[in-house]
């Protein structure tokens with residue numbers, strides 16, 4: 001059985017492999033990283049196979065997952081081209097934020113590409129992955145890639161023009177940042193650290209979980225939670241008057257701008 005090969009043994013590879021192991025994924029997983037310490041650390045945690053070099057990794061591949069930083073993609077694809085391996089694997093999947101299909105296609109021919117943006121939360125099987133496919137990717141191969149990422153959570157197929165906005169929006173960092181900010185504000189308001197974190201986590205995680213499971217609209221839940229003259233209504237109004245919506249919009253704009261800078265590399 002041919003392998004799923006990860007080029008890069010960093011954070012997102014570590015998270016994906018953890019989720020795949022949790023899902024009892026059957027295909028062999030091979031990892032290659034220029035830094036052998038990263039590969040060996042992942043091998044100890046998740047019993048992956050470690051390739052001794054790039055060429056041997058590619059020789060085993062059914063699917064290759066490019067899991068390096070955007071700035072490193074061009075150099076890696078140049079190395080792959082010199083290996084003469086671009087014709088062999090069936091699927092080429094890039095996790096590099098902001099690097100468009102057009103650049104991937106030009107830098108490694110005649111490979112057919114998939115862009116994927118998986119969340120690190122895939123390590124517990126609750127991830128969210130966006131996909132978009134290069135022209136010419138066969139329907140059967142599209143299905144195989146979808147099934148691969150469905151092992152670790154929900155999959156959405158979106159147009160490539162939406163990828164940068166999705167990448168800026170879906171990150172779990174929003175939740176962590178909101179949790180830290182809300183808990184710190186609660187501490188300044190008089191709660192101790194553990195109580196502040198418990199209250200803030202409930203407000204964010206459990207409230208959103210209820211929205212997901214109840215089937216109610218977000219507008220209805222906001223109306224239900226913010227009784228006129230109540231504390232929640234006053235809290236939300238204070239946030240809005242302080243520019244909450246503007247701050248969030250500016251954050252997304254900054255993330256999208258960074259993705260577009262990545263595309264120029």
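List of remarks:
- One residue from 68, 64 being out of contact with any helix residue (DSSP H, G or I) (no Cβ under 6 Å at 6 or more places or on another chain), under 24 Å from residue 262 (Cα atoms) and assigned by TED's automatic domain parsing to the domain that holds residue 150: 64
- Within segment 127-162, restricting attention to residues that are in contact with a strand residue (DSSP E or B) (Cβ under 6 Å, 6 or more places away or on another chain) and part of a loop (DSSP other than H, G, I, E, B), the residue that is modelled with the lowest pLDDT is 134.
- Residue, nearest to residue 78 (Cα to Cα), within segment 11-26, restricted to residues that are at pLDDT 95 or above and assigned to a loop (DSSP other than H, G, I, E, B): 25
- So residue 232, is it under 25 Å from residue 206 (Cα atoms), part of a helix (DSSP H, G or I) and either in contact with a helix residue (DSSP H, G or I) (Cβ under 6 Å, 6 or more places away or on another chain) or not assigned by TED's automatic domain parsing to the domain that holds residue 177 (or both): yes
- Filtering segment 101-114 for residues that are outside any loop (DSSP other than H, G, I, E, B) and over 25 Å from residue 256 (Cα atoms) leaves an empty set.
- Count of segment 101-115 residues, restricted to those that are in contact with a strand residue (DSSP E or B) (Cβ under 8 Å, 6 or more places away or on another chain) and within 22 Å of residue 143 (Cα to Cα), is 8.
- Count of segment 1-11 residues which are within 19 Å of residue 117 (Cα to Cα) and surrounded by fewer than 21 Cβ atoms within 10 Å (Cβ to Cβ): 2
- Members of segment 13-42 that are in contact with a strand residue (DSSP E or B) (Cβ under 7 Å, 6 or more places away or on another chain) and more than 12 Å from residue 152 (Cα to Cα): 13, 27, 28, 29, 30, 31, 32, 39, 40, 42
- Qualifying residue in segment 238-250 (condition: outside the structural domain of residue 78 (by TED's automatic domain parsing), closer than 30 Å to residue 72 by Cβ and within 26 Å of the chain's Cα centre (by Cα)): yes
- Selected residue [free of Cβ contacts under 8 Å to residues at least 12 places away in the same chain, surrounded by fewer than 19 Cβ atoms within 10 Å (Cβ to Cβ) and either in the same structural domain as residue 160 (by TED's automatic domain parsing) or over 22 Å from residue 28 (Cα atoms) (or both)] from 84, 125: 84
- Residue in segment 163-183 that is outside any helix (DSSP H, G or I) and either in contact with a strand residue (DSSP E or B) (Cβ under 9 Å, 6 or more places away or on another chain) or closer than 30 Å to residue 100 by Cβ (or both) present: yes
- Selection within segment 52-68 - outside any strand (DSSP E or B) and at pLDDT 95 or above: 67, 68
The values are calculated or read from the model by the stated rules, or taken from the named source; none is laboratory data. Model, not experiment: these values are computed from the prediction. Because the Cβ atoms are built from the backbone with ideal geometry, glycine has one as well, and the counts that use them run over all protein chains shown.
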